[in-house]
Amino acid sequence: MKFPHLFSEGRIGTLRTKNRFVMPPMVRNYADGNGRVTPRYLAHIERIARGGVGLMILEASYVSQDGKGFVNQLGIHEDGTIAGLKKLAAAGHAHGAKIGVQLYHGGRQASSTTTGTQPVAPSAIPDPVVNEVPAELSKKDIALIVKRFSAAAVRAKKAGMDFVEIHGAHGYLVTQFLSPFSNKRTDEYGGTPAKRLRFLKEVYIAVRKAVGAKFPVTLRLSGDEYVPEGLQLKDTVQIVKVMEKLGIAAIHVSAGNYASYAKGVLIPPMAKKDGLLVALAAGVKKAAKTPVIAVAKIRTPEMAEKILAEGKADFVAVGRMLLADPDYPKKVQEGRLAEVNGCIACNQGCIGRLFAQQDVWCTVNPETGREEAFGVKPKFRRRVLVIGGGPAGMSAAVTAAERGHEVTLYEKEPQLGGQLKIAGILPFREDWLALRDRLIARIVRLGVTTHLGTEFTTDMAVGRKYDIAVIAMGSEAIRPNLPGIGRNNVVISRDLLEGRADAKGRVVVVGGGCAGAQTAEALAGRGHPVTVIEATGDIAVDAPIDDRMLLLGRLEKLKVRILRNTKLMSIGPKAVTIEHPGGTVPMPADTVVICLGSFPNDGVLKELERHVHHVKVVGDALKPRRVTEAVAEGALAIIEAEK
Ligand SMILES: Cc1cc2nc3c(=O)[nH]c(=O)nc-3n(C[C@H](O)[C@H](O)[C@H](O)COP(=O)(O)OP(=O)(O)OC[C@H]3O[C@@H](n4cnc5c(N)ncnc54)[C@H](O)[C@@H]3O)c2cc1C
Ligand SMILES: Cc1cc2nc3c(=O)[nH]c(=O)nc-3n(C[C@H](O)[C@H](O)[C@H](O)COP(=O)(O)O)c2cc1C
Ligand code: SF4
């Protein structure tokens, strides 16, 4: 056995787990508006359980309506939720996993737009991100919420869950009491560490009383909140010592809150290193007697095994890895590491969508949240034509081939990948190349007939009897019609990144979307003085919030100049003319890099419809967007055509 610690039995109180892999809580927005489990939710949880994870912690589930954080979050606030939770518990158990629920109240990090009422908190101070003044909880209100936690724990037990976890992390209500960052009370619930701990103690004691001595109750904490006045590891260790004495069965060590979210510690994005919170778990582990769960960007079994072997934690939680590949634990156990379709930490499909109150997708796994549709076997074997080998086309091809169809793919370039190859050469973006390589490996493994270096024209479909054609031809860069655009000091950013064009001297990047800002970073990194001009009020607004803040920080360090509300008017040999609120002025520029987005490339659609019954346009060819949409649409084109 290559990973003996990972696949050894784990213990949390009276619980025994078959291995040390934990699914940490992740809100999906798959429940109905009343917090009840839907068939979609059940299929999703069943799919993850089937992949071999040992311990599953269901998402932050609101114990009362005023603490609800997301529109379709799971609820455990009333008895009507028990029937659905029972199904989830059974799904976990059917595959040998142990399963529990995270009990949650959002406090001031919940918003009235979701709850319908003013948020509540220990003190009437708004969270800096949600920015809504909460009502300070009276002692009577506190007692009521404590009761709600214990009633929720009883529901979990009735539903057949194996344990509950109290959500004491991420700046939600329990942390709001624990932390001097949010708790400014002067009564018995604030003022000293012991008083700030009172609310959590009351919640725990009430829960314990309600579920009995043997039912494990675990606790999630932010090892460090990474905000001024916030909790740090030394404070967390003190909290753990007290809670251990009371009987907490395990400590789950995460980090951060909404105010520090953009620092990229809570759900580390691509630009952050792997395993960055392990030191916090290890710090707690040193002081704790109860089992410790480590989490955050632990993406290889080697890293997980090392954490366990070195005694830094007793369990390893792998959240986004399981969204990306629910079979991850099973594949590790069976030595199929090359087949792992790991998380690339893009934070676009999962948390990016969740924070926009949408349902969670996974950029690299279109089955996530669509398990029911993927679970329906196709009735017939189809002949499938895919045009374009970017993420949309490759996703269509692997989905079709994995479902047993006969697939032919055309790509005009000598290699597959589409825009992934340029997205992935930008600084801190190499995970896009990992996705490209994995998709290519799957295409090869599945034996897809691939014509590289072949520009598809409709005559290639004539007489081939294709049942389904997927047009995934991507997009072309926009070239604005401006005086001087034809000069040889003007380059398109895609050409530059692909090495077809070069930049010299002082560079002006025109267009401050995410791609433009990243291109500016790459050029500044190569030593060019760079200015970004952006017509709207800010740059990189299309990037996930954490990625954006990290990117802005790096641009500042690289001294990239950013001109907002500024338009390019004309281009000369050594200067451009720009228009901004102060007027129209010249600006020196040796090279002008155009990064103004793209337009769809679906040229063959009309003609192809005459030869193939079912034609679908997907990804950028439909509308230039992101890899997340491209991969999803590529796969869904196949599933929908099977109907
Ligand atoms: C610099 C840059 C950074 C980016 N960063 C991100 C990011 O961080 N996150 C994100 O989600 N998205 C990002 N994107 C956007 C993302 O790459 C695209 O949305 C995505 O690649 C679209 O996928 P697609 O398969 O639809 O198209 P493409 O990736 O463009 O693939 C289309 C493929 O079709 C081929 N093709 C075209 N015509 C034919 C033909 N007639 N016959 C055969 N083959 C043909 C092309 O050669 C190409 O390989 C970035 C884009 C750029 C340029
Ligand atoms: C979509 C999404 C939803 C999340 N929801 C919760 C939650 O309900 N409760 C919680 O404590 N943490 C939540 N988290 C944080 C994860 O539990 C985990 O700590 C984080 O994703 C880092 O681990 P990973 O790199 O293995 O994904 C969420 C993360 C994601 C991506
Ligand atoms: S959407 Fe991106 S970050 Fe989220 S699980 Fe999928 S690959 Fe990972």
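We did not get these values from a lab; they are worked out from the coordinates using the rules stated. The model shown is predicted, which means the values in this text are computed figures rather than measured ones. We place every Cβ from the backbone using ideal geometry, glycine too, and count neighbours over all the protein chains shown.
One table, with the values for the structure above:
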item	result
Lys234 paired with Ser112, simple spin-label distance in nm, labels 7 Å along Cα-to-beta-carbon	4.0 nm
Cα point-scatterer Debye curve for segment 198-284, base-10 log of I(q)/I(0) at q = 0.13, 0.22 Å⁻¹	-0.48, -1.05
Total charge dipole magnitude, segment 470-571, about the Cα centre, Cβ charges on Lys, Arg, Asp, Glu only, Debye to nearest 20	460 debye
Mean separation of Cα contacts under 8 Å, 6 or more apart, over the residue count of the chain: relative contact order %	11 percent
Whole-angstrom gap from segment 1-32 to segment 504-541, using each part's C-alpha centre	44 Å
Percentage of interatomic Cα-Cα distances in segment 237-395 larger than 23 Å	50 percent
Sorted peptide list for 22-35, 313-326, criterion being average Cβ within 10 angstrom, highest first	313-326, 22-35
For His614, distant residues with modelled amide H under 5 Å away	Ala469
Largest-first principal axis extents, alpha carbons of segment 482-624, Å	54, 37, 32
Lys504/Thr457 FRET efficiency (R0 35 Å; Cβ-Cβ; nearest 0.05)	0.40
For the chain, fraction of C-alpha pairs farther apart than 39 Å, in %	37 percent
Estimated dipole of the chain in Debye, rounded to 20 [Cβ of Lys and Arg +1, of Asp and Glu -1, Cα centre]	1600 debye
Centre separation in Å (Cα based) which lies between segment 330-398 and segment 571-610	33 Å
HN-Hα J in Hz across segment 152-166 - Karplus 6.51, -1.76, 1.60, θ = phi - 60°, x for Gly and Pro	5, 4, 4, 4, 4, 5, 4, 6, x, 5, 8, 6, 10, 10, 7
Over segment 363-501, relative contact order from alpha-carbon pairs under 8 Å, at least 6 apart, %	30 percent
Per residue, the convex hull volume that the Cα atoms of segment 22-86 enclose (Å³)	77 Å³
Relative contact order of segment 570-627, pairs being alpha-carbon contacts under 8 Å that are 6 or more residues apart, as %	24 percent
Residues of segment 595-639 with amide N under 11 Å of the 7 Å Cα→Cβ point at Gln415	none
Residue-by-residue Karplus 3J(HN,Hα) for segment 290-299, coefficients 6.51, -1.76, 1.60, Hz, glycine and proline x	7, x, 10, 10, 9, 8, 4, 6, 9, 10
Phi-based couplings in Hz for segment 12-22 (Karplus 6.51, -1.76, 1.60; Gly and Pro marked x)	10, x, 7, 7, 10, 10, 6, 7, 9, 7, 10
Rounded to 5, percent antiparallel among DSSP beta bridges of the chain	20 percent
Subset of Lys18/Lys234; Lys234/Lys297; Lys86/Lys643; Lys87/Lys263; Lys98/Lys263; Lys139/Lys209 violating a 26 Å alpha-carbon distance limit	Lys18/Lys234; Lys86/Lys643; Lys87/Lys263; Lys98/Lys263
FRET efficiency, Arg16 to Ala135 (Cβ-Cβ, R0 41 Å, nearest 0.05)	0.40
Sparsely packed trypsin sites (Lys or Arg not before Pro) within segment 255-313, loop by DSSP, other Cβ within 10 Å at most 11	Lys273, Lys289
Label-point gap, in nm, between Arg564 and Lys245 - each point 7 angstrom along Cα→Cβ	5.1 nm
Reachable lysines, given that their alpha-carbon falls under 18 Å from the alpha-carbon of Lys421 and they are not under 8 places away in the same chain	Lys412
Theoretical gain in end-to-end length, Thr192 to Ala441 [0.36 nm per residue, Cα-Cα removed]	84.0 nm
Under 5 Å, built H, 5+ apart or other chain: amide partners of Val509	Thr531, Val532, Ile533, Val593
Dimensions (Å) - segment 154-199, Cα atoms, principal axes, largest first	40, 20, 12
Calculated FRET efficiency for the pair Lys377/His93, C-beta based, R₀ 22 Å, to 0.05	0.30
Cα Rg, Dmax (largest Cα-Cα span) when computed across segment 50-189, Å	15.8, 50
Nonlocal amide H pairs with Ser570, under 5 Å, H built at 1.01 Å	Thr577
Rounded tilt (10° steps) of 627-642 against the dominant C-alpha axis of the chain	90 degrees
Size of segment 420-477 as Cα extents on the principal axes (Å, biggest first)	46, 32, 19
Convex hull volume of segment 583-643 per residue (C-alpha atoms, cubic angstrom)	145 Å³
